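A quick write-up on the structure given underneath.
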Amino acid sequence: MTDVMLDLETLSVRPHAAVIIIGAIKFNRGEQWNKNIDEKELEKLDVFYRRIKINSCVHSGLHVDESTEKWWKEQEPKVQYEALKHPDRVTLKTALREFKEWFGSDSRTKIWGNGSGFDCSILGEAYARCGMEKPWKFWVERDLRTVMDMAGLYASDLPQYKKHHALWDCYRQIIGFQMSEQILGRK
């Protein structure tokens, strides 16, 4: 695998946002994945998924925004439960350490976020606030929105899986990347 798609669920949109879920999936460029996937197929992929204890983010100096908390509380009960109430959570430092182990040490691995200033930046700041080195260098960060824009695709063109679930968002974003590759002529 040479690429990692990252998606975070957060309690703010600032660069030092509290991270409540880290989701990521490893993939290879040039692959074509099934757009009609189910949970069992998703679980077979090389995925990373951790829910994080909110108080561990606050203790690390990460930001919680009232308007973002309000937004989460307006989501469907299943979405709220997964993001805010599910009891299976680890501390931020544990999640970051486990993500680093999962990510690996291959310096060629690219990390993709859905926007140049959100997922990679926020996770990188979480590593910095915890006094830990992130597992990637800044020059391997990639931005899915730019690639999709070059291909003339919009988020509404992608399959709509479970909303605001980091793993399903990653999968949808990988489909967006693959569709963009086809449009832009990459083989």
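Going through the stretch 122-137 one residue at a time, which ones are buried (at least 17 other Cβ atoms within 10 Å of the Cβ) and among the aliphatic types (A, V, I, L, M)? Within the stretch 122-137, 122, 123, 126 meet the criteria.
Which of the residues that make up the stretch 83-110 are among the β-branched types (Val, Ile, Thr) and open to solvent by 40 Å² or more (accessible area, probe 1.4 Å)? Walk me through how you get there before you give the answer.
Start the filter on the stretch 83-110 by keeping residues that are among the β-branched types (Val, Ile, Thr), which leaves 90-91, 94, 109.
Once the filter is applied, which keeps residues that are among the β-branched types (Val, Ile, Thr) and open to solvent by 40 Å² or more (accessible area, probe 1.4 Å), the stretch 83-110 yields only 91.
Which ones in the stretch 66-80 are within 20 Å of residue 12 (Cβ to Cβ) and either exposed (fewer than 12 other Cβ atoms within 10 Å of the Cβ) or among the hydroxyl-bearing types (Ser, Thr, Tyr) (or both)? Across the stretch 66-80, the qualifying residues are 66, 67, 68, 70, 73, 74. Among the residues of the stretch 28-63, those that are touching a residue at least 40 places away in the same chain (Cβ under 8 Å), over 23 Å from residue 97 (Cβ atoms) and either in a strand (DSSP E or B) or open to solvent by 70 Å² or more (accessible area, probe 1.4 Å) (or both) comprise 29, 32, 35, 36.
For the stretch 125-137, the set of residues classified as of a type outside the set (A, V, I, L, M) and touching a helix residue (DSSP H, G or I) at 6+ places or on another chain (Cβ under 8 Å) consists of 127, 130, 133, 134, 135, 136, listed by residue number.
Tally the residues that are out of contact with any Lys or Arg (no Cβ under 6 Å at 6 or more places or on another chain) and either within 14 Å of residue 99 (Cβ to Cβ) or part of a strand (DSSP E or B) (or both), restricting the search to the stretch 3-26. Explain how you work it out, then say what you get.
So the first thing to find is which residues in the stretch 3-26 are out of contact with any Lys or Arg (no Cβ under 6 Å at 6 or more places or on another chain), and the list is 5-20, 23-26.
This time we only want the ones that are either within 14 Å of residue 99 (Cβ to Cβ) or part of a strand (DSSP E or B) (or both), so: 5-10, 17, 19-20, 23-26.
Total satisfying the criteria: 13.
What residue, among those in the stretch 138-162 that are closer than 17 Å to residue 25 by Cβ and part of a loop (DSSP other than H, G, I, E, B), is most open to solvent (accessible area, probe 1.4 Å)? That would be 162.
The values are calculated or read from the model by the stated rules, or taken from the named source; none is laboratory data. What you are looking at is a predicted structure, and each value in this text was computed from that prediction instead of being measured. Cβ sites come from the backbone with ideal geometry, for glycine too, and all protein chains shown count toward neighbours. Areas reflect the complete protein model, heavy atoms only, side chains present, ligands, DNA and RNA absent. Shrake-Rupley method; radii C 1.70, N 1.55, O 1.52, S 1.80 Å.
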